[in-house]
1. I'd like the carbon and sulfur percentage of the solvent accessible area for the range 162-257, probe radius 1.4 Å, heavy atoms only, ligands and nucleic acids excluded.
2. What figure in square angstrom, to the nearest 10, would you give for the accessible area of residue 571 with a 1.4 Å probe?
3. Please state the charge dipole magnitude for the range 706-798, taken about the Cα centre, from unit charges on C-beta atoms (+1 on K and R, -1 on D and E), reported in debye and rounded to the nearest 20.
4. What lysines sit close enough to residue 646 to cross-link, taking a C-alpha to C-alpha distance under 17 Å and skipping anything fewer than 8 places away on the same chain?
5. Would you grab the residues whose amide H sits under 5 Å from the one on residue 165? Only those 5+ places off in sequence or on another chain, please, with H modelled 1.01 Å from N.
6. Run the dipole for the chain about the Cα centre, Lys and Arg Cβ at +1, Asp and Glu Cβ at -1, nothing else charged, and hand back the magnitude in debye, nearest 20.
7. Where does the charge balance sit around residue 768 when Lys and Arg score +1, Asp and Glu -1, over other residues with C-beta under 14 Å from its C-beta?
8. Once the whole set of protein chains is in place, how much accessible area is left on residue 289, using a 1.4 Å probe, in Å² to the nearest 10?
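The values are calculated or read from the model by the stated rules, or taken from the named source; none is laboratory data. Everything quoted here is computed from the prediction, not taken from an experiment. Backbone-built Cβ (ideal geometry, glycine too); neighbour counts: all protein chains shown. Only protein heavy atoms, including side chains, enter the accessible area calculation; ligands, DNA and RNA are left aside. Shrake-Rupley method; radii C 1.70, N 1.55, O 1.52, S 1.80 Å.
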Amino acid sequence: MSLWRQLARGLRVLTNRTAADQEIADEVRDYLEQATAALVESGQSPDDARRAARLELGNTTVLREQVRAYGWENAIGTLFADLRYAARRLRHSPGFTTVSVLTLALGIGASAAIFSAVNPILFEPLPYPHAGRIMMIWDIFQGARSDVTFHTYRELAARNRSFAAIAVMEAWQPAMTSATQPERFDGQTVSASYFRALGVSPALGRDFQEADDRFKGPHVVILSDTLWRRRFGGDSAIVGRQVTLDDNLYTVLGVMPKGFENVLAPSAELWSPLQYDAGNISSFDTSEWGHHLRMVGRLRPGLGVDQARRELNTIARTPVPDFPRVRWASLKFGLIVDSLQAEITRGAKPVLLAVLGAVMLVLLIASVNVTNLLLARGAQRRGEFAMRAALGAARPRLIRQLLTESLLLATLGGVVGIAVAEFGVEALVALSPSGLPRLGAIAVNGTVFAFAFGITTIIGLVVGLIPALHVSRGDLISGMQQSSRRTAGSHQWTRRTLVVAEVALALVLLVSAGLLLRSLDRLFAVAPGFDAAHLLTMQVQYSGHRFDDDNARRRFLTQALEAVRHVPGVTAAAFTSLLPLSGGQYDTYGAQFEDGQSRGYDVFRYVMTPGYCEIMGIALHRGRLLDGHDTDGAPPAVLISASLAKSEFPGQDPIGRRVHVGPSNRPWYTIVGVVGDVKQTSLAESQPEAAYLTPAQSWFADDAMWLVVRAPGDVTALAPAIRNTIWSVDKDQPIVHVATMDNLLAASESQRRFAMIVFEAFALVALVLSAAGIYGVLSGSVTERMREIGVRSALGASRGNILALVVRQGMTLTGLGILIGLIGAAAATQAIVTLLFGVSRLDPITYLGVIAMLAAVSAIASWVPAWRAARVDPSVTLREE
């Protein structure tokens, strides 16, 4: 039969079964008539011929069934029949179905939600053409990776042959005034080749050209699609128009495509050329020689990263006269070349992999739990399967039916799990740490659906296979002689093994969650070096040409500070250029002492108004604090941190010593005081070396300053009044990042907090599922052993004896699970070791606490069926037997 005829016949059978059955009956009748006629022609009588034809053909009913079984449509029909039967069975057991579906939905939904975050960050290629060819390039400075200087970029761009485009960028935060309040935008100043390096072009207008990126070139800007629609109403005539940013008119060159994802600066909404002075090589104190530019490059087709790395390091080792280098940008240690994908995922990768491992454990526990339920249900249905076997059902047919039921169960769990994943994604985005890359790409999309479908199918097959094999093995027909209650005992060892596995997996999750909790407690017990209570912070940015003069900036600071101090409820206020643990850019500089010793570029430079240390609660160890006398005309004074004093003046008094902070061609600063160390970037990191100056004695004025306000009670209630007070001094100055110091302190460890919350949630689920597994197994065991318990009671066993018997059985399973889980936890916690602080991954307190909690929960889960067993009436039980 041709393929087309087989397809047509199968479709006819599936769509019109009555007609197909009649067609088969007609074919059988026609065959009988032809066979009878042939026998009559051979000399037999009509009756004998008909009888002989029927004997040759055999049972017509069986024949019709054999014909129906031929063809692909039979498999489809059987599948539909199995699905209908499975649906009926699940509908008749609503309790079992509900518990199983919800358990699987929890595991599948949690897995899909975590996968929706992990996939775009770790596994999917970045949203650029040929994203694997985009590389990050770093200088090696002071033994660590460092941003590059502008002149390093010029040299590499001119001399390399491996990259089709190389670009550099830095943060840019221009402001736009309006009738209501000023708005500050996050943006970037970039070299002209930036978008070519990423492989993206504007959707409207044009890209930057080299002429746009010349020194003192035209003010031009490219907008993001979001900013274009939000601020300019999506006006397609925006290209060529001028917008005012920082009192300068910028011509809009283009608008980036909708959905353009700038992974190097996710919050950036507009871009402008760097316009550095390429000819300014001899002046070493300019921004062109500063390590503050990030470099990205696109490899040429057919070239690998190793080849590019070798070429750039060759360039680094062979300077040429056309590109002179300064000492701090000599490239003598070479360059680092790494993929952009690796760069943006470096910080988040340990957390995400740990969370992915945790959710896989939850999914495994959920699957084990449902397998246990299916085993118990299979034992109860033993009589049914024996009857079906007696009626002719083959063993493979029974296995296929059970697998169909488990697949249907898993499918229902997967459907509900997608809804769980939707809520899970919302929770993940809300809880995600501030530095998590590609946050906008986290969503339940087609890839997540495919992942959910895949794990649903695998779970359906795995959780159904073990019960199916158990039910089908042995002599099925002999099962008719026994009740399902008695035969269920043959499966108890498998169910107990699965419970032991559940307990072991739960212990791994509980230990991990406990270690993270203990670690976070230890971390927040670290003294930050300041008093965070009742502190309100906000960042104020200078905007406009009136602040091109440093003196104008200082006057604004003085006037704004004086106005803020008069706000009702404010007890003290000060400005500072850096704010500890604020998550922003931290300026570090070199320090050179009068005796000739020089520090690397690792000293934090704080420019602060007098009173800052008192407001922050930074302790004075020696000397005096900076005050109102440290003005422009006074001798330059500086405070240094205790760690800097200890490393440079061990056992000596640093007061009166002199130091350069930053440029060495400026007047010496005299050390007038030593203050306590402050945690700068993280509670977990020790980078305490710092120097404190006043704005009047700093060699330059910063573009933005942090306002720190102390007040009793709820400081957040003062934010609107403080904002309005600053705008009363100058209404065009943007105010952003309003937060309490307590919130900044908590946010500084957001990655660890995120991991801890997720692990705690998963550990709680694992604990509940494990308890449910223990309860289920013991409950089934009590049901099976009802006669034995009745006999024990009749022979004098007390309720306490029976209670102890059942509880001991449950605690034995728990103990075995704990022993196995301890080994697993010791190995698995290696994955979270980078998230721990002050706690060993083998911390005995955590392990003992988890064991005690798991044992307590298991005892409760064991006591409920034990209490039921202890109340058995022996006379009733024995009478039923």
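1. Values: 1880 of 3930 Å².
Ligands and nucleic acids excluded, carbon and sulfur give 48 percent.
2. Roughly 90 Å² of residue 571 is accessible to a 1.4 Å probe.
3. My answer is approximately 300 debye.
4. Cross-link targets: 679.
5. 298
6. My answer is approximately 3000 debye.
7. Working: positive: none; negative: 502, 760.
My count for the surroundings of residue 768 gives -2.
8. Counting only protein heavy atoms, residue 289 exposes about 10 Å² to solvent.
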